[in-house]
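The values are calculated or read from the model by the stated rules, or taken from the named source; none is laboratory data. Just so it is clear, the model here is predicted, and its values are computed rather than measured. For neighbour counting, all protein chains shown are included, and Cβ atoms are generated from backbone atoms with ideal geometry for every residue, glycine included. What goes into the accessible areas is simple: the full protein's heavy atoms, side chains included, and nothing from ligands, DNA or RNA. Shrake-Rupley method; radii C 1.70, N 1.55, O 1.52, S 1.80 Å.
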Amino acid sequence: MTDTVTNPRLAPTTFAQPAQAIEAIGLTPAGIQSAATLARRRFVVLALNLVTLAALVYGLAHVLGAGGWSVADGVILVAFLFGAPWTVLGFWNAVIGLWLLHRRGDGLAEVAPFAAAGEDGKPLALRTAVLMTLRNEDPARAFRRLRAVKASLDATGEGVWFDYFVLSDTNDAAVATAEEALAAAWAREIGEPARLTYRRRSDNAGFKAGNVRDFCERWGDRYELMLPLDADSVMSGETILSMARMMQAYPRLGILQSLVVGMPSRSAFARIFQFGMRQGMRPYTMGSAWWGGDCGPFWGHNALVRVAPFRDHCHLPMLPGRAPLGGAVLSHDQVEAVLMRRAGYEVRVLPVEGGSYEENPPTLLDYLKRDLRWCLGNLQYLKLLNLGGLKPMSRFQLAWAVLMFLGLPAWTLMIGLLPLKVLEDRAIADYPAGVAIGLYLVFLAMYLSPKLAGFVDILISKGAVQRYGGLPRFLASMAIELVFAFLQGAVSSLRTTIFMVGLLFGRSRIGWNGQARDAHALSFATAFAGLWPHLLFGGFLFVALGLLSPAVLFWSLPMTAGYVLAIPFAMITALPALGAWLERRGLCGIPEDFVTAPVLEAIASTGVSAEAPELPKAA
């Protein structure tokens, strides 16, 4: 393999290695908290989930068993056992997270006692490589973001400890030429050739994970930490510096994941989507960190990673069998997290908003493409569940990631069986309709609970509503997002179901390439080509239920309306005019829409060298 490398690094630096991990009995490897406390928390969460799931199953069995059991009843019950656990855990994460957010301040000391080290003001004494991985992305856009990160770090006064790597897997000649020109121009501007390295591989073996692995093998001995960034990622210097101090204070902290939130967007779809995600992720991540502890998540970017153990212990295996489930691991991040934990290093998440951003897909179809990539990558974990030496919690994380997507066809199956159940139950005189409706409403509330907890958090926190443009705007945005969530959820679940059925027959394939970032309209032809199965499935349900039981059709709308409305929903939420309308009225805005963070403001003002050639439109 022939690589293109510009601005080679200086000679390696010799680090003064930090103290060995605290080995005191009863503490987690980094000495962050009591292992016994963490075990008790996990037992509590397990008990809460099992009791809640048992109660839901009991209620569902009572409804299904009215009038006797049929094959359809048994199928629905089994499907529920696959679909419900993810929702139940999400509910308890949200409840615990909301409780922590309003118990003794923000509850941060309960879930992230290491965070105090980020504010100790101690001088930084370790070097960090900031990595941006690219594959056929818009080079000017990516370099603007990396420039903003560097400028923000330099403003902290500690910028000398950070070097920058642009790791390209681009195979489009025009894009590669632009990348090289931008890297060369920026290196001349910096005036220190060793501060910026541009490397392009001639292939993308191992995909993004292989790209980062190549960095670790070639330059990893020169850095204590690395900060992987995607092409759409941005982090503020203050946040990076604070996290680096935490890593410095705890040498056995292997991965520290920041809480990534969406950036302001002109796309209506992205704007509404990330407004809801902003609310749901905050309590959900706080709650999950309370019991996840040293076996936290890793999302592959916007996280600080300790290079040496990552290089030595986080090699990804080649999966047996043929593609798409065999071969290179696609969703590499969580696998790397469990391998890091197996090596005796903690993996933690810092559940605090601020200073860590990414862009979200601008249209429903772009979102579905990304979701299917994640689905395929997570399903590969089925072949990793027997990895030796994993912590029980780590093995649970892999299984849980699989169940997240297995639950979607389970829900689709249950919804598809609705007409048959209506037929079977029509003759039951004492059908427990009240129990059925109550169970349904309870489950819908649990399904929405992370977002509802986030909404409550904002409404009861002093001054928080003002960060979202005031109470009327926030309430209106809540209503818009809840409708959006039901429509988008129905579309995503059916699309994932179709994809997974295709995998069984070897017909589903996913490409890994540059992604659409900017708002753009969808034509009817494009939307129809991607979503006609939804219209067909929804049409069947609406006709069947409309004839058999209009009342059941009405109650099903939160779960089924998205099928028949998928095409117009995709087209309307993609309209740039709708995004502009929402922006003008401050609807579904995030705090950064009303007060721009300095690092985001810098992106707009950071120039790009005129030496970079203009890319063809197709790029």
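Within the stretch 343-358, the set of residues being touching a Ser or Thr at 6+ places or on another chain (Cβ under 7 Å) and more than 15 Å from Leu304 (Cα to Cα) comprises Gly354, Glu358.
Every residue in the stretch 341-367 that is over 16 Å from Leu256 (Cα atoms) and either in contact with an Asp or Glu (Cβ under 8 Å, 6 or more places away or on another chain) or surrounded by fewer than 20 Cβ atoms within 10 Å (Cβ to Cβ) (or both), please.
Keep residues of the stretch 341-367 that are over 16 Å from Leu256 (Cα atoms), which gives 358-367.
Passing the criteria: Glu358, Glu359, Pro362.
Would you check if Phe474 is aromatic (Phe, Trp, Tyr), buried (at least 20 other Cβ atoms within 10 Å of the Cβ) and closer than 19 Å to Phe269 by Cβ? Here the answer is no, as Phe474 does not meet what is asked.
Screening Phe273 against (1) outside any helix (DSSP H, G or I); (2) under 30 Å from Leu475 (Cα atoms) leaves a single unmet condition, (1).
Taking the stretch 498-527 as the range and being under 29 Å from Asp230 (Cα atoms), open to solvent by 60 Å² or more (accessible area, probe 1.4 Å) and part of a helix (DSSP H, G or I) as the test, the residues that pass are Ile498, Thr526. The residues of the stretch 40-59 that are surrounded by fewer than 17 Cβ atoms within 10 Å (Cβ to Cβ) and basic (Lys, Arg) amount to a single one, Arg40. Of the residues making up the stretch 139-185, those that are open to solvent by less than 10 Å² (accessible area, probe 1.4 Å), β-branched (Val, Ile, Thr) and touching a residue at least 40 places away in the same chain (Cβ under 8 Å) are Val149, Val175.
For every residue, the table says whether it meets (1) part of a helix (DSSP H, G or I); (2) open to solvent by less than 20 Å² (accessible area, probe 1.4 Å); (3) modelled with pLDDT under 95.
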| position | (1), (2), (3) |
| --- | --- |
| Ser556 | yes, yes, no |
| Thr560 | yes, yes, no |
| Pro568 | yes, no, no |
| Thr573 | yes, yes, no |
| Gly579 | yes, yes, no |
| Arg584 | yes, no, no |
| Gly589 | no, yes, no |
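The condition of being assigned to a helix (DSSP H, G or I) and out of contact with any strand residue (DSSP E or B) (no Cβ under 7 Å at 6 or more places or on another chain) holds for only one of Val160, Val149, that being Val160.
The rows are residues; the columns are (1) open to solvent by 40 Å² or more (accessible area, probe 1.4 Å); (2) under 30 Å from Ser168 (Cβ atoms); (3) free of Cβ contacts under 8 Å to residues at least 24 places away in the same chain.
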| position | (1), (2), (3) |
| --- | --- |
| Ala61 | no, no, yes |
| Val75 | yes, no, no |
| Leu100 | no, no, no |
| Pro113 | yes, no, no |
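Going through (1) closer than 30 Å to Ile590 by Cα; (2) outside any helix (DSSP H, G or I) one by one, Gly321 falls short only on (1). Would you mind stating whether Gly530 is in a helix (DSSP H, G or I), over 22 Å from Leu408 (Cβ atoms) and small (Gly, Ala, Ser)? The answer is no for Gly530. Every condition in (1) modelled with pLDDT under 95; (2) over 27 Å from the mean Cα position of the chain (by Cα) is met by Phe528 except one, and the failing one is (1).
Every residue, every condition in (1) within 20 Å of Thr28 (Cα to Cα); (2) assigned to a helix (DSSP H, G or I); (3) of a type in the set (Val, Ile, Thr), yes or no:
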| site | (1), (2), (3) |
| --- | --- |
| Gln248 | yes, yes, no |
| Leu256 | yes, no, no |
| Phe269 | no, yes, no |
| Met281 | no, yes, no |
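Would you check if there is a residue in the stretch 230-238 being in a helix (DSSP H, G or I), touching a residue at least 24 places away in the same chain (Cβ under 8 Å) and crowded, with 22+ Cβ neighbours inside 10 Å?
yes
Within the stretch 242-260, can you find the residues that are open to solvent by less than 10 Å² (accessible area, probe 1.4 Å), under 19 Å from the mean Cα position of the chain (by Cα) and of a type in the set (A, V, I, L, M)?
Of the residues in the stretch 242-260, the ones open to solvent by less than 10 Å² (accessible area, probe 1.4 Å) are 243-244, 246-247, 253-259.
Filter once more, so that each one left must be under 19 Å from the mean Cα position of the chain (by Cα): 255-259.
Within the stretch 242-260, Ile255, Leu256, Leu259 meet the criteria.
The rows are residues; the columns are (1) modelled with pLDDT under 90; (2) assigned to a loop (DSSP other than H, G, I, E, B).
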| residue | (1), (2) |
| --- | --- |
| Ala11 | yes, yes |
| Ala16 | yes, yes |
| Arg42 | no, no |
| Val45 | no, no |
| Leu53 | no, no |
| Gly68 | no, yes |
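How many residues are open to solvent by 20 Å² or more (accessible area, probe 1.4 Å) and either β-branched (Val, Ile, Thr) or assigned to a helix (DSSP H, G or I) (or both) when one looks only at the stretch 449-462?
Looking only at the stretch 449-462, we keep the residues that are open to solvent by 20 Å² or more (accessible area, probe 1.4 Å), and these are 450-452, 456, 459-462.
Going one step further and asking which of them are either β-branched (Val, Ile, Thr) or assigned to a helix (DSSP H, G or I) (or both), we end up with 450-452, 456, 459-460.
Summing the residues that are open to solvent by 20 Å² or more (accessible area, probe 1.4 Å) and either β-branched (Val, Ile, Thr) or assigned to a helix (DSSP H, G or I) (or both) in the stretch 449-462 gives 6.
Take the stretch 186-200 and flag every residue that is of a type in the set (D, E, K, R), open to solvent by less than 30 Å² (accessible area, probe 1.4 Å) and not in a helix (DSSP H, G or I).
Of the residues in the stretch 186-200, the ones of a type in the set (D, E, K, R) are 188-189, 192, 195, 199-200.
Next, only the ones that are open to solvent by less than 30 Å² (accessible area, probe 1.4 Å) stay: 195, 199.
Arg199, the sole residue that qualifies.
Among all residues of the stretch 201-224, there is at least one that is open to solvent by 20 Å² or more (accessible area, probe 1.4 Å), outside any loop (DSSP other than H, G, I, E, B), in contact with a Pro (Cβ under 8 Å, 6 or more places away or on another chain) and within 30 Å of Asp169 (Cβ to Cβ).
Evaluation of Phe542 against the conditions (1) in contact (Cβ under 8 Å) with a residue 60 or more places away in the chain; (2) assigned to a helix (DSSP H, G or I); (3) buried (at least 16 other Cβ atoms within 10 Å of the Cβ) shows that the sole unmet condition is (1).
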